[in-house]
1. What pairs come out if I take residues in segment 104-128 that are over 19 Å from residue 72 (Cβ atoms) and pair them with residues that are hydroxyl-bearing (Ser, Thr, Tyr) whose C-beta lies under 8 Å away, six or more apart or interchain?
2. Being over 21 Å from the mean Cα position of the chain (by Cα) and touching a residue at least 40 places away in the same chain (Cβ under 8 Å) is the filter here; which residues of segment 89-103 pass it?
3. What tally of residues in segment 6-37 results from selecting those that are farther than 19 Å from residue 202 by Cβ and at pLDDT 80 or above?
4. Pick out, from segment 86-202, the helices (runs of 4 or more DSSP H) lying fully within it that include 2 or more residues that are within 26 Å of residue 293 (Cα to Cα).
5. For segment 75-90, does any single residue satisfy the condition of being of a type in the set (S, T, N, Q) and modelled with pLDDT of 95 or more?
6. Being in contact with a Pro (Cβ under 6 Å, 6 or more places away or on another chain) and modelled with pLDDT of 95 or more, is that true of even one residue in segment 315-337?
7. Surrounded by fewer than 20 Cβ atoms within 10 Å (Cβ to Cβ), touching a residue at least 24 places away in the same chain (Cβ under 8 Å) and of a type outside the set (Gly, Ala, Ser): which single residue out of 304, 297 fits that description?
8. Look at segment 153-184 and say how many of its residues are β-branched (Val, Ile, Thr) and at pLDDT 90 or above.
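The values are calculated or read from the model by the stated rules, or taken from the named source; none is laboratory data. The structure displayed is predicted, hence computed values, not measured ones. A quick note on method: Cβ atoms are made from the backbone with ideal geometry, for glycine too, and the neighbour counts reach across all protein chains shown.
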Amino acid sequence: MTDTAPADTTTRIPDAALAQRRILRVLVASQVLSGAGLAAGVTVGALLAQDMLGSTNLAGLPSALITAGSALTAVTVGRVSQARGRRPGLAAGYLTGAIGSAGVLVAAVLDNPVLLFLSLFVYGAGTATNLQARYAGADLAAPGHRARAVSTVLVATTLGGVAGPNLAAPTGTFAERLGIPHLAGPFILSGAAYALAAVVLAVWLRPDPLLMARRLAQAEAADAGAARAADAAGPDEGRGGVVLGALVMILTQLVMVAIMTMTPVHMHDHGHGTAASGLVIAIHIGAMYLPSPLTGRLVDRFGRMKTAAASGITLLAAGVLAAAAPADSVVLLALALALLGLGWNFGLVSGTAIITDTVPLATRARTQGLVDVSIAIAGATGGMASGIMVAATGYPALALTGGALSLALLPAVAVTAYRR
């Protein structure tokens, strides 16, 4: 009768819940490591290039190369995960990042700028993999807990991200003892951290969350005599969800990177030192990741659409405040950048949940990889365009434009919600 479930279904459900708890623990451990690897390397990449070249002309190239490597890896990790599961995809991505770190060390010893830039491109794989790991946290999560699972993985990155830059000086000293230039020291940490993250995932990410989710969906469809898996969306709903989820994450990335990139320059031009701008950026990064657990609960409780709309409104507030803040007010600029980070967090968590909800398991990993490529391109575009716009019109105009652009999320959310 209706109150009698098939025996194998009742045993699979607790197994999935148990596996999800284990998977989240493993992902948290790997994210702490990879966060340290990501932050340590990014901290000194531009400085190392500047020191090696003796000029600031190409000091921005490392960031562009890391972003390009990240975009390429996002596609590759997505395709490998689609074909073989999250474990080999993520482990291979982190291992590639470790190889890139090793290449940077060799380039520093040989004083070879070409090898440095090539290695930074390869190193960018770690950045993409770090971001892709959030999807693995949602594969086995119940629909009402997916955003919380994503946020758990995201916040773990903060722990390593805070530790990484603070270890730049000790790793530099250690590098000098090994005959490696001081500035390359953090890449020793990056290489070791990425390699350990790869080992953690390869050894302990079992069962593979994506493969297990597929098996459960197939079994549920067979038990119910259904023609499709329980989580598969209809064609129109799926396309709408992918477009909205991608738009939310792309737009928030574009606006966030553009304003964040030029804030230290704006502060420097008005007499602030590196300590003040460093504090503002640190507050911004904290606001990007630390609210994740709360954001996950908000998304699961109040819905993806409302949180996506809140992202647009929060980014607008950030842009208006950044534009209106007196150039000598570190407090107001810090508050604006905190709102900028929070708006990005709202957008990333809600957008990820929307994508996971609407993309069928059969194409989920590949689609997620393509979306993350778009996010990387948006970040690169925002970073490059921000300097041009500030030179032409000034920082307040950039901040206001970013805030106004974020409002495009509101009609997109409203149209998608109406269609449902």
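1. As it stands, the answer is 106/119; 107/119, since those pairs meet every condition given.
2. Scanning segment 89-103 gives a single hit, 102.
3. Here the count works out to 6.
4. On the way: elements: 86-110, 113-138, 146-166, 168-177.
By residue number, 86-110, 113-138, 146-166.
5. No - not one qualifying residue is present in segment 75-90.
6. Within segment 315-337, one or more residues are in contact with a Pro (Cβ under 6 Å, 6 or more places away or on another chain) and modelled with pLDDT of 95 or more.
7. Exactly one of 304, 297 is surrounded by fewer than 20 Cβ atoms within 10 Å (Cβ to Cβ), touching a residue at least 24 places away in the same chain (Cβ under 8 Å) and of a type outside the set (Gly, Ala, Ser), namely 297.
8. Count: 2.
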